[in-house]
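The values are calculated or read from the model by the stated rules, or taken from the named source; none is laboratory data. These numbers come from a predicted model, not from an experiment. Here Cβ is always computed from backbone atoms with ideal geometry, including for glycine, and neighbour counts include all displayed protein chains. Surface areas here come from the heavy atoms of the whole protein model, side chains and all, with no ligands, DNA or RNA. Shrake-Rupley method; radii C 1.70, N 1.55, O 1.52, S 1.80 Å.
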Amino acid sequence: MKINQLIANNINHLDTVLPTDKSLGIAGLSGSGKTTFCQTIGEESKKRLVSLLPKAEYQYLFPEIMDTNFSAIKMEEMPLVLFLGKSSISSNPRSTIGTHTGVFKEIRVTMAEKFDLSPELFSFNNVLGWCTGCKGRGSNSNVTCKKCDGKRFNPEVETYKINLLGKEHSISEVNNLSMETLLSLKDELNLSEGKQHILQNIINMNIGYLTLNRIMGTLSGGELTRLYLAEFMATSENTVIIIDEISVGLDHQTLLKILEQIKQLGYKNQIWLIDHSDTVLDATDEQLFFGPGSGKYGGKIVEESPRPAPVLVETNHDKPTEYYQFKDLHCRNIQMAEIQIPKNRLVTFTGESGCGKSTLVNECIAKDFLKRYPKDKLVMVGQNRNQSITSRSTVATFLDIKEKTDKV
């Protein structure tokens, strides 16, 4: 792949030739331009794919794809490129793993055929099937719907049941089964080979515990990335798949297992891994380093990855005297009667991927904190993109200092 005179963000007139038959590890300091470089290539690939449509169609259907904020004199020998990064994920409760992967659609068809009904009756996104109290969301203003008890469906739909695992299951009960259980019921649910393949890949990615009804917006970054990888493994060939920071949120053993799965994906595709982890970079055939610094001091391809000096901080060994107390924490796999966290300390929550640490902090503790300590301030800083951020957002507007700087 040949790239000439690429201009994007801090990348200025960059020329490079990239291998097409080797996996690539891409590294550099935060803000050095590595993600910009990969996103730009991904955007150009989408642009070329969409431009194969008649002009009247792509201008109407995909106007945002054709409007790009980068330029390049040439990008040659470019295959289809898929960029898997920290994109914004909708928190819409109607978007679940089941609807996203299409597995739930096949289950609805199976249920409908058994009772000679329309598949739409078994959809919580359709007026025929949804609970009238919450219209299929399962909740109202983040409070479980009392009419359906969070099941999403109306009472009539719940009366239709099929026998699974020796007991009768309604559509909402099937919807709450895990990926592992669903795969074991592939024959009873009449799942296609394609969907079986996706379910098996999900299990291989160590996220087989996820349920069909899990809302996409509640997945952790690591879970979301692995879900997408599982889908790619079932469908992608002859494609450059760029994965941004696969190591984030994964313990070492899980990371090694996921890298082995990515290696399998690389037999039919070319893999680029953007990461800071030596474990990830060592798993690739070649490395590409951006630097030498960040921002205006980056944007160039350099010989080796710049490494910041380690930050050494003294640990406070004094016994804490004050604690935050939290009680009755119940959300998904978190079932805690109480927990106390010392004040004025740096506290780490750790554990295997999917064990519930993000759920505990971001959902359970955060909500309880606001109730129990209304006079204290809680600031949440994470990797999930703020839904209010748009293409017009800048650091100044995000920090709410734009008006003050304009007056200077």
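General observations
- Within region 320-331, tally of residues that are closer than 19 Å to residue 139 by Cα and either open to solvent by 90 Å² or more (accessible area, probe 1.4 Å) or of a type in the set (Gly, Ala, Ser) (or both): 1
- When the residues of region 231-265 are filtered to those that are assigned to a loop (DSSP other than H, G, I, E, B) and open to solvent by less than 30 Å² (accessible area, probe 1.4 Å), the one that is farthest from residue 200 (Cα to Cα) is 247.
- Scanning region 298-319 for residues that are open to solvent by 100 Å² or more (accessible area, probe 1.4 Å) and under 30 Å from the mean Cα position of the chain (by Cα) yields 300, 304, 307, 310, 311.
- Any hit, region 280-294, residues being hydroxyl-bearing (Ser, Thr, Tyr) and either out of contact with any strand residue (DSSP E or B) (no Cβ under 7 Å at 6 or more places or on another chain) or modelled with pLDDT of 90 or more (or both): yes
- Hey, residue 195 of a type in the set (Lys, Arg), out of contact with any strand residue (DSSP E or B) (no Cβ under 7 Å at 6 or more places or on another chain) and either in a loop (DSSP other than H, G, I, E, B) or over 17 Å from residue 208 (Cα atoms) (or both) or not: no
- Inter-residue pairs, beta-carbon under 9 Å, first charged (D, E, K, R) and in region 315-327, second open to solvent by less than 70 Å² (accessible area, probe 1.4 Å) and assigned to a loop (DSSP other than H, G, I, E, B), 6+ apart: 322/343
- The residues on offer are 248, 240, 280, and the sole one that is farther than 25 Å from residue 101 by Cα and β-branched (Val, Ile, Thr) is 280.
- Only one entry of 192, 178, 170, 220 meets the criterion of being buried (at least 17 other Cβ atoms within 10 Å of the Cβ), touching an Asp or Glu at 6+ places or on another chain (Cβ under 7 Å) and hydroxyl-bearing (Ser, Thr, Tyr), and that entry is 170.
- Residue match in region 78-92 (condition: touching an Asp or Glu at 6+ places or on another chain (Cβ under 7 Å) and either among the basic types (Lys, Arg) or at pLDDT 95 or above (or both)): yes
- Search result, residues across region 360-375 that are open to solvent by 40 Å² or more (accessible area, probe 1.4 Å) and assigned to a helix (DSSP H, G or I): 361, 362, 363, 367, 370, 371, 372
- Residue selected from region 204-217 under the condition out of contact with any strand residue (DSSP E or B) (no Cβ under 8 Å at 6 or more places or on another chain) and open to solvent by 40 Å² or more (accessible area, probe 1.4 Å), by the criterion farthest from residue 138 (Cα to Cα): 204
- Scan of region 266-288 for residues that are of a type outside the set (Gly, Ala, Ser), without any contact (Cβ under 8 Å) to a residue 40 or more places away in the chain and either surrounded by 19 or more Cβ atoms within 10 Å (Cβ to Cβ) or not in a loop (DSSP other than H, G, I, E, B) (or both), ordered by number: 269, 278, 279
- Close Cβ contacts (under 9 Å, 6 or more residues apart or on different chains) running from residues in region 97-123 that are closer than 20 Å to residue 219 by Cβ to residues that are surrounded by 15 or more Cβ atoms within 10 Å (Cβ to Cβ) and acidic (Asp, Glu) comprise 100/231; 101/231.
- Only one of the listed residues (96, 159) is surrounded by fewer than 19 Cβ atoms within 10 Å (Cβ to Cβ), at pLDDT 90 or above and of a type in the set (S, T, N, Q). That residue is 159.
- Restricting 291, 295 to residues that are over 30 Å from residue 49 (Cα atoms) and surrounded by 21 or more Cβ atoms within 10 Å (Cβ to Cβ) narrows the list to 291.
- Only listed residue being open to solvent by 20 Å² or more (accessible area, probe 1.4 Å), of a type outside the set (A, V, I, L, M, F, W, C) and over 28 Å from the mean Cα position of the chain (by Cα), chosen from 105, 114: 114
- Scope region 235-281; condition within 20 Å of residue 20 (Cβ to Cβ) and of a type in the set (S, T, N, Q); matching residues: 236, 238, 239, 264, 269, 270
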